[in-house]
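Before any comments, here is the structure.
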Amino acid sequence: MISAILSYQLHSLSRRGALSYHLLGAVVRTRPARRRVGFTLVEMLVAITITLVMMATVVGVFATLSSSVTKRQAVIEVNNQVRQVRNTLQRDLAGITCPTLPWTKPESNAGYFEYIEGIHCDFFPSDLTDDLSSNPIPGEIDHASSTLPASNTNFALSNPGWVTDGGGLGDYDDVLAFTSRNEKEPFSGPAPKNNVNTNDNDDINQQNPFANWGSQAITSPVAEVIWFCVENPAVDTGGYFGTSSEQGFRTIYRRTLLVAPWLNYYYNVDDAGNKSRPGVLRILTNLADETSDQAEALAALIAFQERYDISARIEFDHSINAPDGCWTIKANTLADLTKRENRYEHHGFAGDASSGSRNFPFVMVSAGGGSTSSVRFIVDRELSGGGASANPRAGSSNEVLGFDVRTGGGYPIRPLAILDGGSTARAVVNEPGPAANGLGQVVHLTTGLVPLSITGPNQSRRGNDLMLSDVLGFDVRVYDPQSPIYALNPNGSAVQNGDSVDPATDITSVDAGDVGWRFALNSSDPMQVGEGAFVDLGYLELHELDARRWGVNLSNLPFTISSPYAGLPHAKSKLNDARLTRVYDTWSFSYENDGVNQDGDDLNGVPMVDEGTDGFDSFTWYDMDGDGSNDSWTKLLGADDMAERETSPPYPAPLRAVQVSLRVYEPDSGQIREVTVRQHFVPE
C-alpha cells in the first residue's frame, strides 16, 4: 500500500517537472542499457564462411565459363584449320591437268595423276598399336599413358591398366601426287636467284658453290602437288619431331613444286662460250659418268629440292662439256612428268647404287625389304660434311616397315638413303646443335615420304609444307562401281543367299571400307545388297592380310570379285609385289617405244624390244582362261594388241572419282573432327 502511494506521488511529481532526474536517481537507482558496437566471434565466422562460399561459387562459375570458352575457342580454331586444309585440297584436285585415264602420251603435255595406297588401312591403322595382346608389336605405344583417343570397345576388360587402344587412329600412309593448274591463285615458291652478270652474260651461280646460292620468289599456274602424312616415330627424336609430338599422332604435309621450264640461267656449257638452254637449273660438272655417278646426281637433286620448290629431274646431257657430257638438273614440263622417273622422289634404286641400277618402275613409296637390309647415305658432293652410315633397327621380325636410327653421321641437308633389297628409304635429319658445325644427324629412317630437312641455311623451311598436326587419319580412296556391298546379321555373321530374314531384324550393310566386310568374305554365299563404294586400292588383299592377323585364312575364297580395283596391280607394271604399296597411275605410253626391254622377254635368245608398237604381230603370253596367269606363248590377236605391250598401268581402268578423309584430334576439348573431300573425274 505504501509503495503504491509512493509510486503514484513520484509519477505525479515527474509529470509536473517538480522532481529532477538527479533526485529521482536518489530515490530509485536504475542501471542504463549498454549499446552494442561489434559482432560476436560466431557471427564473424558465419559471415566469413558465407563470403568464402560465395567467392568459391563465383570462381567456379568463372572457371567453368573460362574452360568452356577455351574449349570452344580450340574447337573453332581446329575447325578453321580443317576447313582451310579441305578447301586447299579441293582446289588442288579440281585443277588436275590430265584425264584420269591410263596410257597418257607425253606429246599430250597433260601431266599425271598418281595415288599410292599404303600398307595400312582403317582396320589396321598403325604398327604402333597392338589390338592383339597375345601378339605384341615391338615399339608400340604405351597403352597405359598414351593420349591417343580410344575406340568404343571394352579393351580395358581384357587389358587391365590400358587407358587407350589407339582405336581413334585411321589409315594415314596414302599419298596423292598429281599436276594441278590454278590460274586465279598461282602457285608460288623459291627458285635459284638469277644472278646474270650483264658484262659477260655469265650467271654467278655457276661461279659459286651450291651452298652459297641465293633464291627468288616466282609463281606458276601449274605445279606438281604431293599430299602425304607422316607418323611420329616410336622413338622420340626430340630434335625433329619435338618432345610434345607424341608417337602415333600424324602430320599432313603438302609439297608444291612449280612447273617452270622457262627458267634460264645462261650457264657456260663449253669453252666456246655457248650458253645453256632454258630449263637447265644446275650443271653437275664433277659428275661425268653416266652410270656410276647417277646416285650422286640424285643426292644433288634432293639437295636442290630441299631448297627450291621447282619440279625437276636429273638428265645426263652429252652437249655439255662435249663429248664427255655430265649430269644436270633440269626443270620439268608437263610432258616430262607423264614419265614416272621424272616425278618428285621417284628415284627407283634397288640394291647397290654404285652400279647405277635405277630401276623401272621407279617406285616412290614401298612397304620395305628384308629385316637384314642395310642402309647407306649419299650426300651432295658440293656440300660439306657427311659421315658414316647409320645402323637401322627393323620394325618387325620379317619385314622392314620403318627404321629408328641409333646414331648417324652429320649432314648439311637430307642425304639420299639407299636400302639394300629394293625398297625405298628416306632419312630425317634433326636440327644441329651449337657444336655441330651446321650438320644434323640422321635420327629417323622411313620408307615413306618425309618433310623438308631443317639444317643449313634452310631452317625456316621446316614447317613450310605443314598443313595439319595432331592428325589421326589421312585416307584416300577411289570409287569402284563394281565393289560389292554385303548384308550382316546383328551378331556379325553374313546373311546368306536364300536365308529367311525377319523383317524386324536389324540388318547392316557393309562395304569394302568396313572391317566387318571380311566376315562376308569368309562365308560361302553372302547376300549382296548393292554395289559401288569408295574403296582402298587392293582392298581384297588388305582384308586378307587383316584376317590372317586374327587367325582367319581367306586365301581360298569360295567366290570371286570381278572388280578392277580389288586385287593387286597388273603384273606388267612390276608393282604387284604383295609387300609393296598399291598404285593407281595414269601411266606413260612412252615405255612402249623407248628402246628398253621392260618385260625382259626374248625370241630364240633375241631380246624383244617395243614389240607392242612395232607394227608386227609378235609372240607373247596370253591368259586364255582369264585366271590371271600366262597360259599360251603364241600370236593371237593381230599386230600390236594389248597383250604385246611390255608394260601396263597398275590398274588399267578409268578413275571415276577420288575421296580423301581428314581426321584430326583436338586435345583441349578431347574432340575428333573429320571432313571428307570428293572429286569426280567423269566428263560432264
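The values are calculated or read from the model by the stated rules, or taken from the named source; none is laboratory data. No experiment lies behind these values; they were computed from the predicted model shown. When we count neighbours, we look across all protein chains shown, and the Cβ atoms used for this are built from the backbone with ideal geometry, even at glycine.
Would you call Arg477 surrounded by fewer than 19 Cβ atoms within 10 Å (Cβ to Cβ) and under 19 Å from the mean Cα position of the chain (by Cα)? Walk me through it before giving the result.
Working: surrounded by fewer than 19 Cβ atoms within 10 Å (Cβ to Cβ): no; under 19 Å from the mean Cα position of the chain (by Cα): yes.
For Arg477, the condition - surrounded by fewer than 19 Cβ atoms within 10 Å (Cβ to Cβ) and under 19 Å from the mean Cα position of the chain (by Cα) - is not met.
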Q. Residue check, Thr88 against (1) loosely packed, with under 10 Cβ neighbours inside 10 Å; (2) in a helix (DSSP H, G or I); (3) modelled with pLDDT of 65 or more, all met but one. Which one?
A. (1)
Q | Considering residues of region 138-149 that are crowded, with 17+ Cβ neighbours inside 10 Å and hydrophobic (A, V, I, L, M, F, W, C) only, the residue modelled with the lowest pLDDT | A | Ile141
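Just name the residue that is surrounded by the fewest Cβ atoms within 10 Å (Cβ to Cβ) out of those in region 263-290 that are hydrophobic (A, V, I, L, M, F, W, C) and touching a strand residue (DSSP E or B) at 6+ places or on another chain (Cβ under 8 Å).
Looking at residues that are hydrophobic (A, V, I, L, M, F, W, C) and touching a strand residue (DSSP E or B) at 6+ places or on another chain (Cβ under 8 Å), I get Ala288.
Considering only residues of region 91-130 that are part of a strand (DSSP E or B) and under 20 Å from the mean Cα position of the chain (by Cα), which is surrounded by the fewest Cβ atoms within 10 Å (Cβ to Cβ)?
Here the residue is Phe124.
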Q: Kindly list, by first and then second residue, each pair from a residue in region 518-537 that is part of a helix (DSSP H, G or I) to a residue that is of a type outside the set (A, V, I, L, M) and crowded, with 21+ Cβ neighbours inside 10 Å, limited to pairs with Cβ atoms under 7 Å and residues at least 6 apart or on different chains.
A: Arg518/His543; Ala520/Tyr486; Ala520/Pro526; Leu521/His543
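Out of the residues in region 38-85 that are assigned to a loop (DSSP other than H, G, I, E, B) and not aromatic (Phe, Trp, Tyr), which is farthest from the chain's Cα centre (by Cα)? So that I can check it myself, show each step before the final result.
Kept after step one, since they are assigned to a loop (DSSP other than H, G, I, E, B), are these residues of region 38-85: 38-40.
Filter once more, so that each one left must be not aromatic (Phe, Trp, Tyr): 38, 40.
On the way: Gly38: 73, Thr40: 71 Å.
Looking at residues that are assigned to a loop (DSSP other than H, G, I, E, B) and not aromatic (Phe, Trp, Tyr), I get Gly38.
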Q.
Among the numbered criteria (1) modelled with pLDDT under 90; (2) among the small types (Gly, Ala, Ser); (3) over 24 Å from Pro125 (Cβ atoms), which one does Ser648 miss?
A. (1)
Q.
Looking at the structure I just gave you, is Asp514 part of a helix (DSSP H, G or I), farther than 30 Å from Arg340 by Cα and of a type in the set (D, E, K, R)?
A. no
